[in-house]
Amino acid sequence: MCRNQRPHTNHLVPISSIELKEPLINYCKVHPSTETDLRCGRCDRYICPQDLTHTPGGIRCTECAQLRRPPMYELAWSHYLRGGLAAAGAALALGFTGALLLAPRTFGNFFYLASALMMGIAAGILVSEAIERATGGKRGTAMQLFASASIVVAAILRLLFGDNLALLDRDVGGAMAALVGTVYAWGRMR
Ligand SMILES: [Zn+2]
Ligand SMILES: [Zn+2]
């Protein structure tokens, strides 16, 4: 308590405890003129309603709210480029493979439609894998759009490669495969 070991007779409050007391009025670290009692739950700095963000873990300052974002949703331009190239490459490969394995038909028996369903899922897996590998596992809206565009382009290329573009509006199997593939990839890249 007392710095000097001698017993004291008066009831003075030690100076050190006054100095350590926090000021009663606190100010926002970003807006020094704004009084506040709110603190960031992560770094403990004072924040005001102007710069607080609500997260599942409580309120956060702008900086900490950004830090909380999972890295797979942080994208640089190189990721868009890689994702786009992977989507284009996958579209080309899938369109070619699709023309060979699932020749367009204007009618569909059970076996043909089952094949289309499985190829649609396979297309969704392949496109997602290609984009994930090229970008190091990035996700989000942009990657979802890349994957969907890749599958739609693949479906059109499939008709082009077989010189069947006239069947575009009657190609049941292709439409089904493209739909299933898009739904799968969209969910996976989310
Ligand atoms: Zn913080
Ligand atoms: Zn503030």
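A short reminder: the numbers here are calculations on the coordinates, not readings from a lab. Note that the structure is a prediction, hence the values are computed from the model and not measured. Note that each Cβ is placed from the backbone with ideal geometry, even for glycine, and that neighbours are counted across all protein chains shown.
Is the shape of segment 23-67 best called rounded, prolate or oblate, per the rule: a/c under 1.5 gives rounded, else a/b larger than b/c gives prolate, else oblate, with a ≥ b ≥ c the square roots of the Cα gyration tensor eigenvalues? Prolate, because a/c is 1.5 or more and a/b exceeds b/c. Neighbours of Gly98, meaning other residues whose beta-carbon lies under 11 angstrom from its beta-carbon, give a summed charge of 0 when Lys and Arg score +1 and Asp and Glu score -1. Summed over all non-identical Cα pairs, the Kirkwood treatment of the chain gives a radius of 21.1 Å.
Relative to the Cα centre, the charge distribution of the chain, modelled as +1 at Lys and Arg Cβ and -1 at Asp and Glu Cβ, gives a dipole magnitude of about 460 debye. Computed over segment 69-162, the quotient of the alpha carbon radius of gyration and 2.2 N^0.38 Å is 1.18. Label separation (Thr62 vs Leu24): 3.2 nm, computed from points 7 Å beyond Cα along the C-beta direction. One chain, two ends: Arg190 and Ala103. Fully extended at 0.36 nm per residue, the span grows by 28.2 nm beyond their Cα-Cα distance. Between Ile125 and Val183, the contour length at 0.36 nm per residue exceeds the alpha carbon distance by 19.8 nm. Computed from Cα positions, the angle between helix 110-135 and the longest principal axis of the chain comes to roughly 40 degrees. Rounded to the nearest 10 degrees, the angle from helix 141-161 to the longest Cα principal axis of the chain is 10 degrees.
For every other residue with a beta carbon closer than 11 angstrom to the beta carbon of Ala76, add +1 if it is Lys or Arg and -1 if Asp or Glu, then tell me the sum. Please list the in-between numbers first.
Working: positive: Arg82, Lys138; negative: Glu74.
After counting each charged neighbour, the total is +1.
Think of segment 71-188 as a dipole: +1 on every Lys or Arg Cβ, -1 on every Asp or Glu Cβ, centred on the Cα centre; then among Val183, His79, Asn109, His79 lies furthest on the positive end. Once the Cα atoms are used to define both axes, helix 77-101 deviates from the longest principal axis of the chain by about 20 degrees.
Placing +1 on the Cβ of every Lys and Arg and -1 on the Cβ of every Asp and Glu, with nothing else charged, gives segment 23-67 a dipole about its Cα centre of roughly 120 debye.
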